[in-house]
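These notes concern the structure reproduced below.
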Amino acid sequence: MAVNAGLAQLSDTLFTTSIALYSLALVSYCGEYAFGRRGRVAETAAVPATAKVLVGAGGPEVAPSAPPTSSAPSAVSGEAGDGAAGSPEKFGRDAVVNRPAQRFGRLAVLLTLLGAAGHLTSIVLRGTAVDRIPWGNMYEFSSAVGFVAVAAFCVVLARQPRIRYLGMFVMLPVILLMFLAGTVLYAKAAPLVPALRSYWLAIHVTAAITATGTFLVSFVASVLYLIRERYDRLVPAGAGTIRFPVSLGSRLPESRLLDQVAYRTVAFGFPVWTFGIAAGAMWAEAAWGRYWGWDPKETWAFIAWVIYAAYLHARSTAGWRGRKAAWINLLGYGAMTFNFFVVNIVVAGLHSYAGLS
Amino acid sequence: MTATGEVEQTALSTQPVERAPRSGGGPVVAARNAWRRLTSMRTALVLLFLLALAAIPGSLLPQRRLNPAKVVQYRAEHPKLAPILNRFGLFDVFASPWFAAIYLLLFISLIGCLVPRVRLHLRALRRAPPSAPRHLDRLPHSARYELDGAPDAVATRAREVLRGWRVVRREESSGAVAVSAEKGYLRETGNIVFHVSLTLLLAGVAIGKLWGYTGGVVLEEGRGFCNTVLSYDQFSAGPLAGSGGLTPFCADLGKFTATYDPDGTAANFRADITYTGQDGVERPYALQVNSPLRLQGDRLYLISHGFSPKFTVRTPAGQTFRGISAPFLPQDGNLTSEGAVKLPDALPRQIGIEGLFAPTAVDAGDGIISSGSPQPLNPAVAIFVYRGELGLDTGRPQSVYAIDPAQVASGALQRVAAANLKPGGSVKLDDGTSITFDGYLQWASFQVARDPGQRLVLVAFAFLLLGLLLSLSVRRRRFWVRLTPSAADDGPRRTVVEFGGLARSEAGGFADEFARLVHRLRESRKD
């Protein structure tokens, strides 16, 4: 199996280009954030909860202007409290706030989508160049995780348009990860060792990548939740000057929404992670003679699984909801990160496919 | 499990309400309180954390089951710390009593939590949806309209709109008609299926540990083995496996082939074997990485491979040992291998050859060779020849891959020659003995494994995932419609319709569904 050097080269170029586009998107998200009016989120959150759905209490004549069979995005924005008057413009609220912020936001989304397109092409070309699924080493894995995180953010964005400016908080770790991937973790396009030449690679690693990328978005949401939650406690207490990073809280969405984003992404990522572990076990049964052997990678996958299970349980346990649950979520991503960086690079095990020497 | 928060929300859950520990003495009360504490969600959370925490040393310290040589090395490097770690089972974390204590407590807690939940859920499954709350407009989702038709007719339409829901119709004392509907019972069903599957999975793991076995064997090309304890180089079995009843089969290694990509990456490893099962028929099989041979629950794996250098030794006594070989152990990725060939029958004195084999020899310039590639492009050996007593009959166990250093130290065995040889090259000892390097054989190592719990683990896992998906994606929700005859009763009959909806807090998109239901009922016409 020969490597197509030209395609591999093109893939690397596109990878760098997408980092540049993501960085420009990051700047634009920052622009939107900076021009956005302070406290606008608190305003929208102040709409009474009873006005959530259809304000149909007025009697038979008052018909809601938005047809109830509307698609998901407008329905979710309806939950936010603007469904009553029916907003013809998708980002109607931003228009009320101010124009520069909105322009920056739209530019940021455009740059994100362009970057994601380049990124996806880079991944596909890498796969074509080596004629296999392109997640055989840490570089390829990180690149794919970054893409999943961006894609997951785009999905959340389509459902909750008002979190758009939070893109900066997603782009920041994605750019960091991709920078690491392109420098420290970089591995030249090359074929794989026999143990990895299996259809299980596509199944097992795809699940791991999807879960890792989704959990990254969840991690960001929980960090922001903790900031906002602390801000909400400090402000009524009259804590005087609120310092960074808690001061970010003034422009973050209400904590309930951030908590929900964190939960839903874990609720999606957890079954995927569970499946990924099981697919790995089935592969190990075929390759190594046992489905589970407490290899360091397996052990840390198990640790992360247990922590995310604890997160899901904590959310339905009194005294553990909210802040404590968010911390558990951060802990979960800590285990995921440890498993990727430390176990791959420092701890020797059967999963020694880092591609680093 | 604690259930607090908004009363209406918990009404949608079948979580048992946690009762406060009763005060007072007596062993029964104490035991009951302990049981409640153990089965509480809070304890489960703590145990989950403990489990995660306990697994960490198992990944950072060398583990006996994974790599016994590393444990030995670690103990030599940390003579003070290692005995303490060893006492707490930290070199075998996953078989240690304290690790078992954590997960057994967790599963007891789980079962104790699960039993009442199953009971409550079964009850909820049989029960009709609850009566409509008095004030539907106080629910998180509500609406109110006036529609054409008598209350009875609208109620019939509501039932049609609510197809797929569990619906009950009640006449209220005020004369109004109320329709209660509930949906999403699968959430709790999924939750229960998940947790039951988890216990089954643990049972499957336990069965495998108790009745399973693994054996490992190294074979040179042309050699074979049978599935008996004695023919294995290493063998480990669960306490209930019984060593007598291994599945009878034999296998011979014909040829081992490693193929490489142009850039030197290994592309494929393949061991062509013939095996004979219980029916006595000999069959060929190409054993490869990722494709084991499966025989009635026993599985045969290709684990690794290497080289066995071949020598011909001629002694002054007139003996000729032709093509004697032994597997050499790979020391690096390029298969620089070390090992020893022992000749206890050589006369007048025993001979041992210890050394290094390189499939692609690279001479660093000082006569020390190592291998530059795993492919046999330029095979060579660097050997020391020993003569004297090998010490095989001393009763002291010795490695097959090395000359016993104690024999050398005591002077019973002397190093008499050293040489770097290419195939065909030979070295002559002072007594006239000649040693010729003939070339090499390949060897492959195999593992036989049997795990009778494996299928249960797989099935349990499938249900576990199904339950997980249900419990995370299905939403439990309730929908009520109250129909009151319109006060203005002079024209065609009209009905005031009040809607109310309630979903668990995690429910995304219920607002949408609620709106859709309201809309569909409003659009429905009496025909």
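The values are calculated or read from the model by the stated rules, or taken from the named source; none is laboratory data. If you're wondering where the values come from, they're calculated on a predicted model, not measured in any experiment. All Cβ positions, glycine included, derive from the backbone under ideal geometry; neighbour counts span all protein chains shown.
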Criterion: farther than 17 Å from B:Ser426 by Cα and more than 14 Å from every other protein chain (Cβ to nearest Cβ) - qualifying residue of B:Pro309, B:Pro292, B:Pro316, B:Pro330: B:Pro330
Tally of residues being small (Gly, Ala, Ser), closer than 23 Å to B:Arg294 by Cα and either more than 7 Å from chain B (Cβ to nearest Cβ) or without any contact (Cβ under 8 Å) to a residue 12 or more places away in the chain (or both) across segment A:261-292: 6
Pairs where the first residue, in segment B:41-62, is more than 11 Å from A:His313 (Cβ to Cβ) and the second is acidic (Asp, Glu) and assigned to a helix (DSSP H, G or I), C-beta under 9 Å, 6+ apart: B:Ser59/A:Glu298
Only listed residue being touching a residue at least 12 places away in the same chain (Cβ under 8 Å), away from chain A (no Cβ under 11 Å) and either buried (at least 19 other Cβ atoms within 10 Å of the Cβ) or within 30 Å of A:Leu312 (Cα to Cα) (or both), chosen from B:Leu464, B:Leu469, B:Leu421: B:Leu421
Subset of segment B:46-70 (residues that are over 22 Å from the mean Cα position of the chain (by Cα) and modelled with pLDDT of 90 or more): B:Val46
Some residue of segment B:114-121 being within 14 Å of another protein chain (Cβ to nearest Cβ) and part of a helix (DSSP H, G or I): yes
Which numbered condition B:Gly238 misses (of (1) of a type outside the set (Ser, Thr, Tyr); (2) free of Cβ contacts under 8 Å to residues at least 60 places away in the same chain; (3) touching a His at 6+ places or on another chain (Cβ under 7 Å)): (3)
Some residue of segment B:71-88 being touching a residue at least 24 places away in the same chain (Cβ under 8 Å) and over 20 Å from B:Lys209 (Cβ atoms): yes
Residue in segment B:47-68 that is surrounded by the most Cβ atoms within 10 Å (Cβ to Cβ), counting only those that are part of a helix (DSSP H, G or I) and more than 9 Å from chain A (Cβ to nearest Cβ): B:Leu47
Pick from segment B:285-297, criterion under 14 Å from B:Phe256 (Cβ atoms) and not β-branched (Val, Ile, Thr), ranking: surrounded by the most Cβ atoms within 10 Å (Cβ to Cβ): B:Leu287
Qualifying positions in segment B:110-165 - crowded, with 18+ Cβ neighbours inside 10 Å and among the hydroxyl-bearing types (Ser, Thr, Tyr): B:Ser142, B:Tyr145
Residue identified as under 29 Å from B:Phe94 (Cβ atoms), surrounded by fewer than 22 Cβ atoms within 10 Å (Cβ to Cβ) and of a type outside the set (S, T, N, Q) among A:Trp283, A:Trp300: A:Trp283
So B:Leu139, is it more than 26 Å from B:Phe194 (Cα to Cα) and within 14 Å of another protein chain (Cβ to nearest Cβ): yes
Single residue of segment B:209-253 satisfying the filter (in a helix (DSSP H, G or I) and in contact with a strand residue (DSSP E or B) (Cβ under 9 Å, 6 or more places away or on another chain)) that is surrounded by the fewest Cβ atoms within 10 Å (Cβ to Cβ): B:Val229
Residues of segment A:195-222 satisfying the condition of being surrounded by 20 or more Cβ atoms within 10 Å (Cβ to Cβ) and farther than 19 Å from A:Trp273 by Cα: A:Leu196
